[in-house]
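Here's a structure for you.
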Amino acid sequence: MSETTIQALASETLEAEKQRVMVLLIIAAALAMFALVPPGYLGTYFERVFHGQTDVFMLWRFSVLGGLVCCLLAERLLLTYLIEKVPTAYRYITAFVETSSPTAGMLVAASFTDAASPISEVPVFIYPLFIVLSAMRLSFALSVFTGAVACVQYLCVQIFYLQSDPVYRPAHVSKGMFLLLLGVVTGVVAVQIRKRLVEACKATDERNLIARMFGEHLSAAVAAQLLAQGTDLRSEKKTVCVMFLDIRNFTTFSESRNPEEVVSYLENLFSFMIEIVNRHDGIINKFLGDGFMAVFGAPVSNGNDSVNAVNASREILSRLNVEIEQGNLPPTRIGIGLHSGDAVTATIGSNLRKEYTVIGDVVNLAARLEKLNKEFGSQLLISDEVRTHLLGNAGDAVPMGQVDIRGRANPIAVYQLA
């Protein structure tokens with residue numbers, strides 16, 4: 001498990017401990033209040049069983065339950081100050097103290113009445129409560145330990161009080177073994193709960209890792225594919241289609257407006273553009289101040305990356321015109337360049353911050369194509385590599401001839417789609 005998963009699991013275990021103590025605290029407090037019920041309301045049966053000592057028994061019973069309530073309050077207070085993990089020693093000590101409370105109750109009850117009655121009845125109903133709730137501690141060993149404490153204490157009380165009554169010993173031994181078996185079964189359940197919790201923590205860890213590498217601009221479908229295949233994104237060579245988008249005259253626009261207006265403008269503009277790119281299985285790889293770089297075909301591909309990029313570009317231009325006509329945006333002109341080719345995809349950074357990036361000439365050429373829009377007065381230019389992937393959808397591509405690109409020895413064929 002990664003360090004993040006371990007920390008998340010420790011945090012969840014701590015919260016489960018708090019909930020378990022609260023459940024026990026509520027039950028113990030309710031029983032303590034019941035212990036204060038006046039003897040007259042208990043009926044003549046209790047008067048006869050306790051030989052008229054119901055007042056004294058009520059006091060002792062309240063003392064035992066009150067002591068348990070105090071212990072649980074102390075546990076809850078201590079857990080409040082624990083921020084990372086619950087100490088192992090604390091868990092075993094509290095398990096022993098809590099599970100011993102029914103034993104204390106039996107000894108008190110046996111002191112005021114026929115020993116066989118409370119010893120036979122109380123453990124069957126009280127001990128299992130502590131054993132079952134031990135599942136919330138998410139530890140097989142702790143659950144077995146709780147069951148073992150209940151078993152041993154119960155059998156010890158039997159030997160002490162009922163040594164002269166061998167007739168019932170097999171039944172009491174069976175009850176003790178039942179408590180131990182219940183601890184084992186509860187431990188198995190705790191292991192399964194912990195296993196599911198670990199898986200949930202790992203899934204959360206992977207989602208957080210994806211968010212750190214790709215930011216928030218990732219479609220749900222792409223995120224699901226990444227989670228399905230795992231987040232071990234090694235460097236690899238992929239054929240991708242890269243989109244560069246730039247807002248024309250943004251510097252002039254921003255100079256005449258305050259920062260709040262500029263930010264609001266960019267948010268309104270980018271919001272629908274990001275949604276369109278996501279919907280066409282692309283990802284926003286980088287924001288460039290007055291534009292962005294998007295990638296189609298990495299980290300996952302559906303085989304129609306160039307088609308998706310062109311469709312996304314056309315939809316962005318169409319939606320931009322609608323937003324301007326409706327008065328949601330001021331008159332805005334953008335330029336888009338698309339190029340398809342091989343690139344190296346890699347996750348670069350450290351454990352504190354990683355970023356998924358695309359490296360290669362395909363990126364540089366897509367950026368150059370976007371800038372050519374200023375020379376041609378166009379809004380969407382594509383390379384010949386992109387056009388060849390469009391098949392029957394390239395009918396409206398206008399050839400702009402062979403164009404020299406800075407940094408390249410040979411000119412490339414450029415086509416205008418808008």
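The values are calculated or read from the model by the stated rules, or taken from the named source; none is laboratory data. Source: prediction; values computed, not measured. Every residue, glycine as well, gets a Cβ built from its backbone with ideal geometry; the counts of neighbours run over all protein chains shown. Calculation scope for accessible area: heavy atoms of the full protein, side chains included, ligands and nucleic acids excluded. Shrake-Rupley method; radii C 1.70, N 1.55, O 1.52, S 1.80 Å.
Return, for the Cα atoms of the stretch 263-418, the radius of gyration and Dmax in Å, separated by a comma.
Reported Rg and Dmax, both Å: 15.8, 48.
Then there is this: Per 0.36 nm of contour for each residue apart, how much would the distance between ASN302 and ALA104 grow if the chain were fully extended, relative to their Cα-Cα spacing? Intermediate results must be reported in sequence, preceding the final value.
Values: separation 198, 0.36 × 198 = 71.28 nm, distance 6.78 nm.
Computed gain between ASN302 and ALA104 is 64.5 nm.
Amide H to amide H under 5 Å from VAL414: which residues, 5+ apart in sequence or cross-chain, H placed 1.01 Å off N in plane?
The answer is MET400, GLY401, VAL403.
Please find the FRET efficiency linking THR388 to GLU236, where r is the Cβ-Cβ separation and R0 is fixed at 25 Å, and quote it to the nearest 0.05. All intermediate terms of the calculation are to be shown ahead of the outcome.
On the way: r = 23 Å, r/R0 = 0.93.
It comes out at approximately 0.60.
Highest mean first, how do 249-255, 186-192 rank when packing is the count of other Cβ atoms within 10 Å averaged over residues?
On the way: 249-255: 12.9, 186-192: 18.1.
My ranking of the peptides, most packed first, is 186-192, 249-255.
What is the local net charge at GLU375, summed over the other residues whose Cβ is closer than 13 Å to its Cβ (Lys, Arg +1; Asp, Glu -1)? Don't skip to the answer; put the middle values down first.
Working: positive: ARG248, ARG368, LYS371, LYS374, ARG406; negative: GLU370, ASP404.
Here the charged neighbours net out to +3.
With all protein chains present and a 1.4 Å probe, how do LEU107, LEU142 order by accessible area, largest first?
On the way: LEU107 70, LEU142 5 Å².
The residues order as LEU107, LEU142, largest area first.
Just by accessible area at a 1.4 angstrom probe, what is the order of ASP384, ASP342, ASP404 from largest to smallest?
Values: ASP384 45, ASP342 85, ASP404 125 Å².
Descending accessible area places them as ASP404, ASP342, ASP384.
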